[in-house]
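Chemist: Could you have a look at this structure, given as structure tokens, before my questions?
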Amino acid sequence: MLKLAMVVMISALSVTATFAQKTVRTNAVPTPLNLNLTATPSFVSTCDATVNKVQLNANVNVPSNRGVRYRWSTTVGHIEGDGPTVLWDLTGVQPGNYKALVAARTGDAVDECEAFSSIPIVVGPCAPIPPVCPAISIVCPDSIATGQLVTFSANVAGTSADATHPYYWTVSAGKIIEGQGTTSIQVDASGLGGQTITATLAVQGYTMDCAASCTMPIPLPAPPSKRFDEFPNLTRNDEKARLDNFAIALQTDPTATAYVIVYPSRNGPAGDVERHTKRVVDYLVNSRGIEPGRIMTLTGPAQNELRVELWITPQGAKPPVPSP
């Protein structure tokens, strides 16, 4: 009986020992932690003072009945807050690549697990200010007379107040004779009638092409006034015949102006010039249909006998001058 009791006791002790070994072995294997760290945003610019904090989020898979302790650290800046979500303040940090680190720990001294993670953040410099050309506008003359110099002027706004920017002009034709290096030039356009001329101003000292241009036509030189006919004091019919030819020539060029120059006789009667002038104009207007506004009259110096000159002056040409 005693032997049987001892066998039962030994068996019971074996069961208890086996159970204890399983319990200790089970508690010695901790639950593994998976730690995931994210950052929003992942890029911060030193130029944007309103965005200088990064939100860090640590996600850990742990049983609901276990608490997690977090320990945050950074290489620059400082952490605001505690727990799985914090703010990383990067105010005043110089451009560069930096890291935020977190350690997540769960359990106790007997059954404890710990995981680590880090995430990089980029602090970028201010983007360089793109160069901007000044505002350049060139003024072409409205019109020029034949033989005149052509003046091109420029208005330049937006140049740096503390820097000197040279002005450099080029022209497609003609020759710059004055003003290179300034905002206004004069160009000799002799011989360029019927062509165009382009003036370009470049403001130097920039990393880009800062220029503006202006193009204008150069008018053809007007043909000179032409003496069409001249005659002395003729009979009325002979004078009409000469005036008929003059009227036909005027009608072929409606833009031309007629000039009638009457040279009085030194010994002629008083009022002779006025009578001849009126007679010529009345015939051209009333008999030949020439508009009165197209006829100009001049009186020349007295000569040995009365003489009449008929001139045709093209548009833009200089009017005739009575000969001495």
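Where a number appears in this text, it was derived from the coordinates with a stated rule and is not lab data. This structure is a prediction, so every number in the text was calculated from the model and none was measured. Don't worry about glycine lacking a Cβ; one is built from the backbone with ideal geometry, like all the others, and counts go over all protein chains shown.
Chemist: So, R0 is 25 Å and r is the distance between the beta-carbons of D253 and A145; what FRET efficiency does that work out to, to 0.05? Write out the running numbers ahead of the final one.
Modeler: Values: r = 20 Å, r/R0 = 0.81.
Efficiency, rounded to the nearest 0.05: 0.80.
Chemist: Taking only Cα atoms, what is the 0 to 90° angle, nearest 10, from helix 272-282's long axis to the longest principal axis of the chain?
Modeler: Approximately 60 degrees, to the nearest ten.
Chemist: Now for a different question. Just to be sure I understand: with springs between alpha-carbon atoms less than 10 Å apart, which residue in V285, V273, V62 has the highest mean-square fluctuation in the Gaussian network model of the chain?
Modeler: Highest fluctuation of the listed residues: V62.
Chemist: In the chain, how does Rg compare with the Kirkwood Rh, expressed as the Rg/Rh ratio over alpha carbon atoms?
Modeler: The Rg/Rh ratio comes out at 1.69.
Chemist: Next question, about the same structure. How high is the relative contact order of the chain, in percent, counting Cα pairs under 8 Å that sit 6 or more residues apart?
Modeler: 12
Chemist: Using a 7 Å offset from Cα along Cα-Cβ at C133, what residues in the range 162-202 end up with backbone N under 11 Å from the label point?
Modeler: Output list for this probe position: 201-202.
Chemist: Fully extended, how many nm does the chain gain between S73 and C126 (0.36 nm per residue separation, minus their Cα-Cα distance)?
Modeler: Taking S73 through C126 to full extension adds about 16.4 nm, to one decimal.
Chemist: With a 4.7 Å Cβ cut-off, tell me which Cys residues in the chain come up empty for a partner.
Modeler: Within the chain, the cysteines lacking a partner Cβ under 4.7 Å are C113.
Chemist: So how tilted is helix 236-252 from the main axis of the chain? Cα-based, degrees 0 to 90, rounded to 10.
Modeler: With rounding to tens, the tilt is 10 degrees.
Chemist: Quick check: residue separation of A222 and L234 times 0.36 nm, minus the Cα distance between them. What number comes out in nm?
Modeler: 1.0 nm
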